[in-house]
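S.K.: One structure is given below, represented as structure tokens, and several questions about it will come after.
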């Protein structure tokens, strides 16, 4: 019995070590490496771009976002903004009809981003567009976003992720959500690219070759978190995903703890479903030397950083109470390494927004993450929409 217990504890600590080293390794690489940005050039041929905006009951934000996203420095003859309007109010549709955008009204028994995107992709032909950009209903693309995408594709890229940053930091929860986003940008995008593997995509602010997008989106099964499955299909096709650090996408951060918990419930469920669906094929690919898809699976098996932080804090306290010195030293070392990884990944402009009082919010968000883990079954049954405010 003691041998079995020792083995389980060793496996548990081994899992924590691997997760912590994952964040530390890529956080350091993110500092040493560089992204895939290419300065926009006026003389480059302009590709035709379809900007798809899947929007479910987004009457509060869609008009402002559409107006902001029409201010591109890219020729308006070479891109179209296409709003996939699911369950919009009639007055919103009337207002959109007066704007220079395409509106595709859709309705589903169970609404998902995957269904909305596939409905729009079915209307696009290779003769009309070369690239698909996906933006959330609340996203504001920087004025040079499409120009930077065009430059990257001129260099041979077929899939890229832009740099999603906070549009709002009006509450402590929003500030910490912005910090979390930038840590992910540094580690799972810039750090991954420094290691020579694909950057992760987020589901918005990404640009993909139209043909690849259609092929990859075909037969997707996830209710939420379609981006993970999409990235795996690109990896299976041996298509790397680049990261444009200077192609900004301004994204609304959640301002309330309840919305944070709701959103993370969907994200955790998506990660769980992805690992469950792709564990066996991903491991086969890894053993067969198909590194892109195999590494993608390993990366997605990493614990969310806030959840890992909470677990390490609990383990450290338990080791302290039990008085097991070697375990205590290990857990403290892992906790410090994780904190160092996150500190290394936070950009300077957000350090200025942080204060000691934010530490209290961190602990409440850890609790919310735990609750999200317990409630993730809800996300398997229906799409959990994150509401946005005007």
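FYI, it's all coordinate maths here, none of it is from the lab. The model shown is predicted, which means the values in this text are computed figures rather than measured ones. Quick reminder, even Gly has a Cβ in these numbers, built from the backbone with ideal geometry, and neighbours come from all protein chains shown.
S.K.: Classify region 50-136 as rounded, prolate or oblate, taking a ≥ b ≥ c as the square roots of the eigenvalues of its Cα gyration tensor: rounded when a/c is under 1.5, otherwise prolate if a/b is larger than b/c and oblate if not.
M.R.: Oblate, because a/c is 1.5 or more while a/b does not exceed b/c.
S.K.: Which one of 227, 144, 73 has the biggest mean-square fluctuation once the chain is modelled by GNM with Cα springs under 10 Å?
M.R.: 73
S.K.: I would also like to ask the following. Tell me the mean residue ellipticity at 222 nm calculated for the chain from its helices only (DSSP H runs of n ≥ 4, each -39500 (n - 2.57), averaged over every residue, nearest 500).
M.R.: -17000 deg cm²/dmol
S.K.: Of 145, 226, 340, which is the most mobile in a GNM of the chain whose springs link Cα atoms less than 10 angstrom apart?
M.R.: Maximum among the listed residues: 340.
S.K.: Ranking 102, 284, 164 by Cβ neighbours within 10 Å, fewest first, what do you get? Provide the component values of the computation, followed by the final result.
M.R.: Details: 102 17, 284 13, 164 25.
In order of increasing Cβ crowding within 10 Å: 284, 102, 164.
S.K.: Can you tell me the length gained on complete extension of the stretch residue 364 to residue 313, counting 0.36 nm per residue apart and subtracting the Cα distance?
M.R.: Length gained between residue 364 and residue 313: 17.0 nm.
S.K.: If you average the C-alpha positions of region 314-349 and of region 153-193 separately, how far apart do those two centres end up, in angstrom?
M.R.: About 25 Å separates the Cα centre of region 314-349 from the one of region 153-193.
S.K.: Of 228, 296, 57, which is the most mobile in a GNM of the chain whose springs link Cα atoms less than 10 angstrom apart?
M.R.: Looking only at 228, 296, 57, the largest GNM fluctuation is found for 57.
S.K.: Ranked highest first by average number of other Cβ atoms within 10 Å, how do 271-278, 208-215 line up?
M.R.: Final packing ranking: 208-215, 271-278.
S.K.: Give the order of 346, 202 when sorted by the count of other beta carbons within 10 angstrom, beginning with the fewest.
M.R.: Neighbour counts put them in this order, fewest first: 346, 202.
S.K.: For 253, 246, what's the fewest-to-most ordering of other Cβ within 10 Å of each Cβ?
M.R.: Going from least to most buried by this count: 246, 253.
S.K.: Just grab the label-to-label distance for residue 283 and residue 95, each label 7 Å out from Cα along the Cβ direction, in nm (one decimal).
M.R.: Between residue 283 and residue 95, the simple spin-label model gives 5.2 nm.
S.K.: Further, regarding this structure: How many percent of DSSP beta bridges within the chain run antiparallel, rounded to 5?
M.R.: 25 percent
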